[in-house]
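Notes follow once the structure below has been shown.
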């Protein structure tokens, strides 16, 4: 696997260009930009980080953190909700100029993907709302979804039933902490995996390594426990003061569902990351109906994410299958 540090789009765009130290994310950028997170991905998913920065041209700016697999393709490592892309454009420009700015600013990212290829199911950050540069570059585009809670939160937007269940858990003696053990987190994740029929794709040793890479300030393992001290619900959250917190994985024990453990978890996580300077909370993994509905109960907004894929026979067959299923469903 090639070493791929930082690409300066004002110079030669090849990956063999001059290397400079990887920049630290600013306090206003997503925790997905943190060096500790990229190192975690590098070691656990065996990918190579590719940072792209567009220098300041007037008021334009772009910072993207991509990952390349052993074949050099840009991929989305497991546990990553999306590839972070941060940018700013001149808000005073007319619509045509804004579009031109966007196309010019994001071009190094699109070029990197076009030259080296992409894997399946590549998702871009919520800031990217215009997928046309990727479509024009020959990629297949679609949508994924996330739930975003912005702070300060509006208490009136929260479902009363969710608050009632959270209060029930407190009344039953449930407690919480932001630093649960990896084994406690895994116990809760496995319960949800068994109930929902999917896998989160993380082990206890990897949760421990995540904490080593980022520290407890940036990688929080929130855990709700029963009165007897047993783990009832858990959520791993990436946090960066001045930015959106990101929920990575979460799960709840079956026996604690009716007691409101999941609702208590959401209440304390949203409150705690807000108290520690987060501007909001992104609850990724909102594709499953039951999961999405429980997350939306806390007043968040549904936000579409751009999905980028190559045109392959496999993807074409999948699209045809989905189209056929929709047709049969309408009947």
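For the range 158-179, the criterion of a residue being outside the structural domain of residue 102 (by TED's automatic domain parsing), over 18 Å from residue 272 (Cβ atoms) and buried (at least 17 other Cβ atoms within 10 Å of the Cβ) is satisfied by at least one position. Count of the range 279-326 residues, restricted to those that are modelled with pLDDT under 60 and either over 29 Å from residue 73 (Cβ atoms) or crowded, with 16+ Cβ neighbours inside 10 Å (or both), is 1. Can you find a residue that is within 21 Å of residue 164 (Cβ to Cβ) and surrounded by 20 or more Cβ atoms within 10 Å (Cβ to Cβ) anywhere in the range 244-252? Yes, because at least one residue in the range 244-252 is within 21 Å of residue 164 (Cβ to Cβ) and surrounded by 20 or more Cβ atoms within 10 Å (Cβ to Cβ).
Okay, residues lined up against (1) under 24 Å from residue 231 (Cβ atoms); (2) in contact (Cβ under 8 Å) with a residue 60 or more places away in the chain:
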{"site": "250", "(1), (2)": "yes, yes"}
{"site": "255", "(1), (2)": "yes, no"}
{"site": "259", "(1), (2)": "yes, yes"}
{"site": "263", "(1), (2)": "yes, yes"}
{"site": "268", "(1), (2)": "yes, yes"}
{"site": "279", "(1), (2)": "no, yes"}
{"site": "289", "(1), (2)": "no, no"}
{"site": "296", "(1), (2)": "no, yes"}
{"site": "309", "(1), (2)": "no, yes"}
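The residue that is surrounded by the most Cβ atoms within 10 Å (Cβ to Cβ), among those in the range 77-112 that are in a helix (DSSP H, G or I) and either touching a helix residue (DSSP H, G or I) at 6+ places or on another chain (Cβ under 8 Å) or not assigned by TED's automatic domain parsing to the domain that holds residue 46 (or both), is 106.
Within the range 113-129, at least one residue is buried (at least 16 other Cβ atoms within 10 Å of the Cβ), in contact (Cβ under 8 Å) with a residue 40 or more places away in the chain, in a helix (DSSP H, G or I) and touching a strand residue (DSSP E or B) at 6+ places or on another chain (Cβ under 7 Å).
So that you can scan it fast, the table gives a plain yes or no per residue for (1) in the same structural domain as residue 122 (by TED's automatic domain parsing); (2) within 16 Å of residue 128 (Cβ to Cβ); (3) at pLDDT 95 or above:
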position	(1), (2), (3)
22	yes, no, no
36	yes, no, yes
47	yes, no, yes
56	yes, no, no
61	yes, yes, no
66	yes, yes, yes
70	yes, no, yes
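When residues of the range 130-154 are filtered for being outside any loop (DSSP other than H, G, I, E, B) and without any contact (Cβ under 8 Å) to a residue 40 or more places away in the chain, how many remain? Walk me through it before giving the result.
The first filter runs over the range 130-154 and keeps only residues outside any loop (DSSP other than H, G, I, E, B), leaving 132-136, 140-150.
Add one more test, that the residue is without any contact (Cβ under 8 Å) to a residue 40 or more places away in the chain, and what stays is 132-133, 135-136.
Qualifying residue count for the region: 4.
Give me the residue from the range 197-227 that is more than 18 Å from residue 36 (Cα to Cα) and touching a strand residue (DSSP E or B) at 6+ places or on another chain (Cβ under 9 Å) and, out of that set, surrounded by the fewest Cβ atoms within 10 Å (Cβ to Cβ). Among them, the one singled out is 227.
Restricting attention to the range 212-230, the residues that are touching a residue at least 12 places away in the same chain (Cβ under 8 Å) and under 23 Å from residue 281 (Cα atoms) total 13.
The values are calculated or read from the model by the stated rules, or taken from the named source; none is laboratory data. Everything quoted here is computed from the prediction, not taken from an experiment. Backbone-built Cβ (ideal geometry, glycine too); neighbour counts: all protein chains shown.
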